[in-house]
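Working notes, beginning with the structure itself.
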Amino acid sequence: MTEPKFFITTAIDYPTSSPHLGHAYEKICADVIARFWRLKGARVHFSTGTDEHGLKIQRTAERMGKTPQQLVDEMSSQFRRMCEELGISYDDFIRTTEERHLAVVRELVGKLEEKGEIYRGRYEGFYCTECETYYSKEELVEGNCPVHGVRTEWVSEEGFFFRMSKYQERILEHLKRHPEFLQPESRRNEILRRLEAPLRDLCISRSGFSWGIPLPMEERYVLYVWVDALMNYLTTAGYPGPEFSRRWPPDLHLIGKDISWHHSVIWTSLLMALDLPLPRRIFVHGFITYRGEKLSKSKGITLDPLYFSRTYSPDALRYFLLREVSFGQDGSFSEEGLRTRLKEELIGTLGNLVHRVLTFTWNHFGGRVPEGAVDPQLEGEVASCAREVEKLLEEFRLHQALERVMMLAKAGNEYFQSKKPWEALKGRREEAAGCLFNCLNLVKALSVLLQPFLPFTSGKIAGMLKVEIRGWEQAKSFDLRPGHPIEKPQVLFRMVEPPVSPPPPLRAEDFERVDLRVAEVVEAERVPGSEKMLRLKLRLPEGMRTVMAGIGRSYTPEELVGRRVVLVANLEKKKILGVESEGMILAAGEREEGLSLIVPDRPVEPGTRVR
RNA sequence: AGCGGGGUGGGGCAGCGUGGAGUGCCCGCCGGGCUCAUAACCCGGAGGUCGGAGGUUCAAGUCCUCCCCCCGCUACCA
């Protein structure tokens, strides 16, 4: 089952602007897989990079008053920096403007032409200037662009074509015979359906702009950028050098769902035409969405991965994306969600376990792994966890794999709790020692299992344990021996204080819809069964209101009566602890304790509008 | 329009290829325990007709059919 090699690629990004979270997500997922296979002992080649030719690059550069080369140099280095900061362990960062790539593309295009895969033809269609796309007669809606509904222009010019249509059957056949070739299945179905319609030949020449690879046949044309871009996989594999045969074919192309067609049809047919082995798998991941919309440069919804990685930590960002998003589906990002997962899972579960175990060892056992016997049941749990995670990772179920790892951390906390070593310490020292011995081994296993997901954290844990992570199998046995020294424990994750309350811009009209009024508290009482909820009766000129307020840990009922508070008067009614609450009163503070009511600074009559 | 995906306790998600008690994860809510640990940890509880309607089956969230709602994709724009 263990493959001697694993060649994994991400899509190469089109650097018309800075990287956003979607780019980061893809690299992180690929990195997890690459790291996993390295741990398993495979000879990994992991490539990523930037796709730097094409009309859009040229236009963007012009608009910015730069040369295309300047633009791609700047942008590409940003993508590279993002990878560095996020701990992406790529082996090759390829840029399509590099000489090595140009040479490969020239050779391959020459080869295609030699084999008669390219012919001169006419490139015709109805051109819509809005979407810069050509349509066939059938696609037009009443003669207009199906997307924009505007008039289209008949264009006909000479160009070069790749005989893609002749591979239709072979592609279809391959997809049907190898279900694993294109995953997840939904994406495969999509392509299968679309292949039922006749495939057209692909026009691979472009004219009218110069930022691209000139066609060897006729230099006034440049190569269609997708052909150029896809061939990066051959370049990074070392084509046609000695490395090539050891790396090719790719074991996994990781791509976004917007480009599944290009990979499964255009790329596949190009490889067929070149008589090169096809990649083993193409895995299509989903998009990161934000507030229900996908991130997109054109809509201006971009999130800067470096902001999150620097504000929290690279591992916090990696963790959130990997854990929150179901691999293969879209997933939504929110800073709030990231903060929650950081606090509850990374700090509360993982950080706490590691810290309490190490600190205990440091304080009570002189910083050495204490004497103890392997608890076979716990070791068995750890080993089976490792096996399950392995299985899940092999199937690219990253989110489930990570969830499973975290369940082990949770199990560690339970174990520690149930053995109560802090009690055993008084009188039954060997028992406490045995507990810690096993817990330390569990933590060691965690550092191995976490390595693909959270490389920085994994490294910190391994460093504190003074162990070197060499391979996946290390996670399966309790081989930390008594007497082994550890380092002084340090905290793995910290909460970042300012909630940096993500300010969703609020329109003035929307704020106007909030009816804030001053109201007088006439009654206040505790609600049975809750320490924090108080039931208040508030007086407004038009009548009384019953409002539930979670301020019971900050105020006593007695001190509230007679005070004037600020009420959100038009809030939807809601049942709280069986009582219907007709509004909400305002108080400052994040926690339940130490809240401060917002009150009028000068005498104000109940009913007065607050604004 | 065609095709694809989704609709699971209050919120957010897994679970569905190989049907078997509504199982799991995170949050929120209620209560209890602990004090080794970054007020972190552990235990218990409330809460769901798994979008709707049929069907297959001894057994369906899981398979089939139809319907409703939401979201994507539609090839030379990377």
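The values are calculated or read from the model by the stated rules, or taken from the named source; none is laboratory data. Just so you know, these numbers come straight off a predicted model, no measurement behind them. Every residue, glycine among them, receives a Cβ derived from its backbone with ideal geometry; neighbour counts consider all protein chains shown.
Residue-wise test of (1) outside the structural domain of residue A:84 (by the TED database); (2) near RNA strand B (Cβ under 9 Å from one of its atoms); (3) modelled with pLDDT of 95 or more.
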residue	(1), (2), (3)
A:401	yes, no, no
A:406	yes, yes, no
A:419	yes, no, no
A:442	yes, no, yes
A:457	yes, no, yes
A:466	yes, no, yes
A:479	yes, no, no
A:494	yes, yes, no
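Exactly one residue out of A:344, A:379 is within 32 Å of the chain's Cα centre (by Cα) and either of a type in the set (S, T, N, Q) or farther than 17 Å from residue A:440 by Cβ (or both), and it is A:344.
The set of residues in the stretch A:194-240 being closer than 18 Å to residue A:95 by Cα, without any contact (Cβ under 8 Å) to a residue 24 or more places away in the chain and more than 10 Å from RNA strand B (Cβ to nearest atom) consists of A:214, A:238. Here is the figure for the stretch A:440-469: residues that are within 19 Å of residue A:31 (Cβ to Cβ) and charged (D, E, K, R) total 1.
Given the residues A:190, A:158, which is the only one that is of a type in the set (Asp, Glu) and either more than 9 Å from RNA strand B (Cβ to nearest atom) or assigned to a loop (DSSP other than H, G, I, E, B) (or both)?
Working: A:190 fails: either more than 9 Å from RNA strand B (Cβ to nearest atom) or assigned to a loop (DSSP other than H, G, I, E, B) (or both).
Unique residue meeting the criteria: A:158.
When the stretch A:355-407 is limited to residues that are surrounded by 15 or more Cβ atoms within 10 Å (Cβ to Cβ) and among the acidic types (Asp, Glu), the one that is farthest from residue A:41 (Cα to Cα) turns out to be A:371. Among the conditions (1) surrounded by fewer than 22 Cβ atoms within 10 Å (Cβ to Cβ); (2) part of a helix (DSSP H, G or I); (3) more than 8 Å from RNA strand B (Cβ to nearest atom), residue A:258 misses just one, which is (3). Restricting attention to the stretch A:364-389 and to residues that are within 14 Å of RNA strand B (Cβ to nearest atom) and assigned to a helix (DSSP H, G or I), the residue that is nearest to residue A:328 (Cα to Cα) turns out to be A:389.
On the stretch given as the stretch A:536-565, residues that are farther than 17 Å from residue A:581 by Cβ and not basic (Lys, Arg) total 8. For the stretch A:334-341, check the following and say yes or no: at least one residue is in contact (Cβ under 8 Å) with a residue 24 or more places away in the chain, within 10 Å of RNA strand B (Cβ to nearest atom) and not in a helix (DSSP H, G or I). Yes: one or more hits. Please indicate, with yes or no, whether at least one residue in the stretch A:377-396 is in contact (Cβ under 8 Å) with a residue 12 or more places away in the chain, in contact with a Cys (Cβ under 8 Å, 6 or more places away or on another chain) and not hydrophobic (A, V, I, L, M, F, W, C). No: zero hits.
Out of curiosity, is residue A:328 over 21 Å from residue A:402 (Cα atoms) and more than 8 Å from RNA strand B (Cβ to nearest atom)? Steps first, please.
Numbers: over 21 Å from residue A:402 (Cα atoms): no; more than 8 Å from RNA strand B (Cβ to nearest atom): yes.
No.
Per this entry, residue A:180 is not counted among residues that are outside the structural domain of residue A:276 (by the TED database), more than 7 Å from RNA strand B (Cβ to nearest atom) and not in a helix (DSSP H, G or I).
Considered as a group, the residues in the stretch A:342-363 that are near RNA strand B (Cβ under 6 Å from one of its atoms) and of a type in the set (Ser, Thr, Tyr) include one that is modelled with the lowest pLDDT, and that residue is A:349. Within the stretch A:187-217, track down each residue that is more than 23 Å from residue A:97 (Cα to Cα), loosely packed, with under 14 Cβ neighbours inside 10 Å and not basic (Lys, Arg). If the condition is that a residue be more than 23 Å from residue A:97 (Cα to Cα), loosely packed, with under 14 Cβ neighbours inside 10 Å and not basic (Lys, Arg), then A:189, A:196, A:197, A:198 are the ones that fit.
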